[in-house]
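Below: the structure, in structure tokens.
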Amino acid sequence: MSPQTPDTLEMAIVRSSGLDTLLRDLTERAVRAVPGAAACSITVRRADRLLTLAGSPGLPSGLDQRQYENGSGPCVQAARTGVEQYAPDLAAETRWPRYAAYALTAGVHCVLALPLAVEGERDAALNFYGLEVGALGESRAAARAFADRTADAINLALRVEHERKSVPDVRTALLSRSVIDQAIGILMAEERINASTALERLRRVSQNANIKLRDLCAELVTRTTSEDRRPPG
């Protein structure tokens, strides 16, 4: 099977409606891109515990969770140490005996776990599962290449998601600054005081009345505007 084209993961970011959708799409693409992989999952540490952020269809239920509960397994080891972990034959594996026994009952005989360099996350890994002994042995280079691109895609998606969330905050901040400046101007004109004195007076009233400065200024601007528009007489 041929590797993903250079723009495939970037296009996935554009098409995805959020990070969750992107991660699910990445695990499905990983299975198609890495020969011998029957399933794939993404492990990340959140709130001081490891969890699976996404898994491809066909991922045996509980396969990752059993590792997290025991604190032992190839995915846990790769995420914690930042070192690739490969178990070509779980029946002969001695590093994680309890996990190996559970995986074998789920039909998994081969596991490859690759660390992911994800911004803001201490531990992360991309995990591949094979149903045959040695199924992933000749695909490790392809898996590593996909893991590198996956980390880049996740980091880009995280930045895009952060920027999308910050836009309303920036807009609110700009509107707040605008209404405060208008209120300062009104006080300067009415009271014949300078800008710093007007701002200090507004802050004092805001604190004494237990009203947000932005809301107090908005009320002043609205009231003044309404009075200016009122017909004479």
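Give, to the nearest whole percent, the P(r) tail of the stretch 8-164 beyond 24 angstrom, counting all Cα pairs.
More than 24 Å apart: 26 percent of the Cα pairs in the stretch 8-164.
For the stretch 75-150, build the charge dipole from Cβ charges (+1 Lys, Arg; -1 Asp, Glu) around the Cα centre, then report which of G107, C75, Y129 sits farthest towards its positive end.
Farthest towards the positive pole: C75.
Once you list every other residue whose beta carbon is under 14 Å from the beta carbon of A198, what net charge do they have if Lys and Arg are +1 and Asp and Glu are -1?
Net local charge, A198 excluded: 0.
Where Lys and Arg each count +1 and Asp and Glu each count -1, what net charge lies around V83 among other residues with Cβ under 13 Å from its Cβ?
Its environment carries a net charge of +1.
How do E93, E191 rank when sorted from fewest to most other Cβ atoms within 10 Å of their own Cβ?
The order, fewest Cβ neighbours first, is E191, E93.
Give the order of L22, L104, L126, L202 when sorted by the count of other beta carbons within 10 angstrom, beginning with the fewest.
L104, L202, L22, L126
Take Y102, Y86 and order them by how many other Cβ atoms sit within 10 Å, fewest up front.
Y86, Y102
What is the calculated FRET efficiency for E132 to R159, with r their C-beta to C-beta distance and R₀ = 35 Å, to the nearest 0.05?
0.35
Residue by residue, what Karplus-based ³J(HN,Hα) values in Hz, rounded to whole numbers, does the stretch 55-63 have, using 6.51, -1.76 and 1.60 with θ = phi - 60° and x for Gly and Pro?
For the stretch 55-63, the Karplus-derived couplings read x, 6, x, x, 6, x, 4, x, 5 Hz, x marking Gly and Pro.
Laboratory data are not the source of any read-out in this text; all were calculated from the coordinates shown. None of these values were measured; they are calculated from a predicted model. Every residue, glycine as well, gets a Cβ built from its backbone with ideal geometry; the counts of neighbours run over all protein chains shown.
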